[in-house]
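These notes concern the structure reproduced below.
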Amino acid sequence: MPKRLGYLAPPGTYTEEATERYDAEATRIPYPTFRAVIEAVRSGDVDEGVTAIENSLEGAVVDTLDLLIQEDTLHIKQEIMVPILHCLLIKPGTRAEDIKAIHSHPQALGQCRRYLENEYPNAQSVASLSTAAAVEQMQASDVPAAAIASRRAGDLYGAEVLATDIQDQPDNTTRFVVWAQEDHVPSGDDKTSICFDFDEAKGPLVGDTPGLLYSVIGEFARRGISMAKIESRPAKREMGRYIFLVDLLGHRQDAVLAEALESVRKLTSTLKIFGSYPRVTQG
């Protein structure tokens, strides 16, 4: 039986493309939000789910980061890299000089910011839940409008391509992750994603002790473990408190990394291991 994969609706999103790259034989099931995708995996309605987590131009997809921080049962099983080539889509017959609004997902609008400022400085940017949904909204608009989405989305919804490759940088890539009940077995070239904070910290480092973050990074550095990424999100409890998210090279079952994680657990108030999975370096 084909695997059931949840992704961000409607058909034609870049998330659907990532899902197809991951498993072309899977049954793809669309959901209206990233949260709905995750809930479908948790409930068993789908086997796995795919969400965007990071873009090379706009950085973190904070919706996914916040869902990861809140999640206690699911894990990251895989990462997928997808080159993003944005098109400006219109209703057939719309003239470029008449465009008053441009619809797209906030990430896509940000990735094309310079193009929009140069070519359509007076057009209103309208946020959509996904790039494919933006095409539907553009088609239903009462004013002359355009949408930023993939060429495939244009083909699916009967839109015309007005301009291609409008992203601000040519090397525009989005990283997606696969959510599942279990993470991946060691492959020999892996990545492990974690988060931690220091609120009510245990051990010798408490409160606002200088060097808290340095102490954690040191546990990895002294064991020769490389960090692929580090960033933070507000803890959403009080101003100035943050949760740190780190991607490490290696699998959580590797002896050296397992030892480092155990040391970090003693230095932090909360340590979550989101999962280990094969490292992907390009789309």
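The values are calculated or read from the model by the stated rules, or taken from the named source; none is laboratory data. This is a predicted model, so every value here is computed, not measured. FYI the Cβ positions are ideal-geometry reconstructions off the backbone, even for glycines, and counts take in every protein chain you see.
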- Message: Residues that are modelled with pLDDT of 95 or more, closer than 21 Å to Pro186 by Cα and touching a Gly at 6+ places or on another chain (Cβ under 9 Å), at least 2 per element: which strands (runs of 3 or more DSSP E) completely within segment 205-278 meet that?
- Response: 270-278
- Note on the structure: Counting only residues that are closer than 30 Å to Gln169 by Cα and either surrounded by 17 or more Cβ atoms within 10 Å (Cβ to Cβ) or polar (S, T, N, Q) (or both), segment 35-62 contains a total of 13
- If you take the residues in segment 1-13 that are in a loop (DSSP other than H, G, I, E, B) and touching a residue at least 40 places away in the same chain (Cβ under 8 Å), which one is farthest from Ala149 (Cα to Cα)? Lys3
- Query: Within segment 212-222, can one find any residue that is without any contact (Cβ under 8 Å) to a residue 24 or more places away in the chain and of a type in the set (S, T, N, Q)?
  - Reply: no
- Item | Residues that are part of a loop (DSSP other than H, G, I, E, B) and surrounded by fewer than 21 Cβ atoms within 10 Å (Cβ to Cβ), drawn from segment 86-113 | Lys91, Pro92, Gly93, Thr94, Arg95, Lys100
- Message: If I go through segment 136-185 residue by residue, how many of them are hydroxyl-bearing (Ser, Thr, Tyr) and outside any strand (DSSP E or B)?
- Response: 3
- Of the numbered conditions (1) in contact with a Gly (Cβ under 9 Å, 6 or more places away or on another chain); (2) outside the structural domain of Leu156 (by TED's automatic domain parsing), Pro92 satisfies every one except a single condition; which is it? (2)
- Item | Which numbered condition Val37 fails, given (1) more than 26 Å from Met138 (Cα to Cα); (2) touching a Gly at 6+ places or on another chain (Cβ under 6 Å); (3) assigned to a helix (DSSP H, G or I); (4) not charged (D, E, K, R) | (1)
- In segment 40-57, the residues that are out of contact with any strand residue (DSSP E or B) (no Cβ under 8 Å at 6 or more places or on another chain), at pLDDT 95 or above and not in a helix (DSSP H, G or I): Gly44
- Matching entry among Glu16, Glu20 (being without any contact (Cβ under 8 Å) to a residue 24 or more places away in the chain, farther than 21 Å from Ser276 by Cα and assigned to a helix (DSSP H, G or I)): Glu20
